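Below you'll find the structure, written out as structure tokens, and then a few comments.
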Amino acid sequence: MEAKIKVTEWPERDETDIEAVVAILRSGKWGSPDLGGAIKTFDEEFAAYNGSRFAASVVNGSVALRVALLALGVKPGDEVIVPPYTFFATASIVAETNCVPVFADIEPGTYNLDPVAVEAAITPRTRAIIPVHFAGAAANMEAFQRLAARHGLVVIEDACHGHGGEYRGRKLGSLADAGCFSFQSSKNMTSGEGGAVITDREDAFDMVNSLRNCGRVKGGQWYEHHHLGCNYRITQLQAALLSAQLKRLEGQTRRRHDNGLYLDSLIEKVEGMRPMDPVPGQNLHPRHIYMFRYNPGACGGTSKVEFARRLAEKGVPCFRGYPEPLYRQPVFRNSSFLSYDQARRVDYTRVHCPVAEKACHEEAVWIYQNFLLGSREDMEAAAAAVGSVAKALREEAARKK
Ligand SMILES: Cc1ncc(COP(=O)(O)O)c(C=O)c1O
């Protein structure tokens with residue numbers, strides 16, 4: 001008899017979240033053009049939590065990346081290096097900021113941006129690198145900082161999978177010029193929608209503050225607009241909810257970290273499966289996605305899509321992940337957003353990142369983060385299900401021979 005697999009409901013919530021939001025509802029002060037009240041409180045708490053000087057909440061993670069790029073001086077037409085194995089927004093927001101996303105391949109052990117590929121992609125037009133801490137695994141920030149120093153670039157961490165994670169005791173998102181977070185509903189910390197930029201740079205913070213508030217500046221008048229900003233402010237309701245959620249983040253991150261390590265040790269023993277490589281120096285892994293690598297050759301040649309479907313049938317909340325690297329998305333293949341001059345330089349139909357393609361087509365299997373909030377017995381049940389699906393696939397293939 002296989003054990004029943006339990007999945008923790010997401011988001012975790014209790015009366016403290018409800019009371020925080022109800023207090024704002026009762027106050028009648030739901031918005032905040034002055035970025036005060038619960039917004040100011042959350043921004044300060046989030047900065048302190050991350051060991052950063054400043055934090056600025058915004059409407060979502062995509063906008064966080066956009067205002068960070070602008071605040072760090074990236075200009076229209078500049079090239080920005082991004083991974084192809086990430087959510088659309090990491091690359092699309094670069095194009096929305098009138099810059100040119102340039103894809104560099106990922107590393108096979110972590111699926112994070114590969115510094116060697118990044119170096120090869122640098123041109124005189126490159127202005128920024130956006131490493132993603134994919135699934136919560138720390139990207140190689142030391143290598144990117146070295147490249148940035150040598151080539152005069154800025155580095156923005158896409159920490160939308162990184163809440164609470166640590167590299168050598170420092171929070172992911174606090175390791176570069178700016179770090180960007182999403183609080184969208186699947187994320188490790190959520191207010192339904194939302195985002196934030198953290199930074200130690202006062203100049204960048206002042207500009208993010210202006211950009212999220214219609215281009216207003218400190219000491220300026222209400223109808224005085226200095227920069228091409230917009231209303232990217234969150235509501236007081238979201239901010240109050242985020243403060244309540246932030247109190248849980250450390251405990252949740254430690255639970256995911258411990259269960260992730262335990263699940264790795266179990267998956268490692270299953271024929272045809274490999275956990276992702278640990279990142280040396282990462283002392284806390286937030287596991288926004290629990291990933292492992294599937295080998296179709298060890299499971300009778302069955303595709304990973306079919307493997308993931310069979311595993312999901314057993315109650316493991318899993319998914320095959322991205323079907324294609326981002327450069328294969330129609331918007332990049334058509335690349336109509338590029339200017340005539342840019343289109344002569346960048347042709348996404350010719351991009352080929354073999355590691356990202358293998359991750360998409362053959363290898364990567366995802367389990368949703370909330371599963372890792374469960375018990376050790378749940379991890380054992382999931383690993384047993386992985387083993388039993390793999391065995392069944394091998395036996396079916398053998399029978400067909
Ligand atoms: C890696 C990554 N970057 C950026 C984003 C964009 O965040 P949002 O959906 O809040 O705009 C997401 C999430 O959806 C993401 O997963």
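The values are calculated or read from the model by the stated rules, or taken from the named source; none is laboratory data. The structure presented is a predicted model; accordingly, all values stated were derived computationally and were not measured. All Cβ positions, even for glycine, are placed from backbone atoms using ideal geometry, and neighbour counts span all protein chains on display.
Please state which of the following conditions Leu72 fails to meet, knowing it meets all the rest: (1) touching a residue at least 40 places away in the same chain (Cβ under 8 Å); (2) more than 30 Å from Ala384 (Cα to Cα); (3) crowded, with 24+ Cβ neighbours inside 10 Å.
Unmet for Leu72, out of (1) touching a residue at least 40 places away in the same chain (Cβ under 8 Å); (2) more than 30 Å from Ala384 (Cα to Cα); (3) crowded, with 24+ Cβ neighbours inside 10 Å: (3).
Can you name the condition, by its number, that Asp341 falls short on among (1) surrounded by 15 or more Cβ atoms within 10 Å (Cβ to Cβ); (2) closer than 20 Å to Val80 by Cβ; (3) in contact with a Gly (Cβ under 9 Å, 6 or more places away or on another chain); (4) not aromatic (Phe, Trp, Tyr)?
Only one criterion is unmet by Asp341, namely (1).
Scan the strands (runs of 3 or more DSSP E) fully inside region 6-119 and keep the ones with 2 or more residues being under 22 Å from His151 (Cα atoms).
Hits in region 6-119: 79-82, 100-103.
Scan region 238-253 residue by residue and report those that are in contact with a Leu (Cβ under 7 Å, 6 or more places away or on another chain) and not β-branched (Val, Ile, Thr).
Scanning region 238-253 gives a single hit, Gln252.
Residues checked against (1) more than 30 Å from Pro330 (Cβ to Cβ); (2) basic (Lys, Arg); (3) within 16 Å of the ligand (Cβ to nearest atom); (4) modelled with pLDDT under 95:
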site	(1), (2), (3), (4)
Gly37	yes, no, no, no
Thr41	yes, no, no, no
Ser57	yes, no, yes, no
Gly61	no, no, yes, no
Leu65	no, no, yes, no
Leu69	no, no, yes, no
Pro76	no, no, no, no
Ser92	no, no, yes, no
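With respect to Leu153, determine if the residue is within 16 Å of the ligand (Cβ to nearest atom) and assigned by TED's automatic domain parsing to the domain that holds Ile198.
No.
Going by the conditions given, is Phe88 under 21 Å from Phe183 (Cβ atoms), of a type in the set (Phe, Trp, Tyr) and crowded, with 19+ Cβ neighbours inside 10 Å?
Criteria not met by Phe88.
Inspect region 204-214 for any residue being modelled with pLDDT of 95 or more and within 15 Å of the ligand (Cβ to nearest atom) and give the result as yes or no.
Yes, some residue in region 204-214 is modelled with pLDDT of 95 or more and within 15 Å of the ligand (Cβ to nearest atom).
Looking only at region 177-198, count every residue that is closer than 17 Å to Ile130 by Cβ, within 15 Å of the ligand (Cβ to nearest atom) and over 12 Å from the mean Cα position of the chain (by Cα) and tell me the total.
Number of matching residues: 4.
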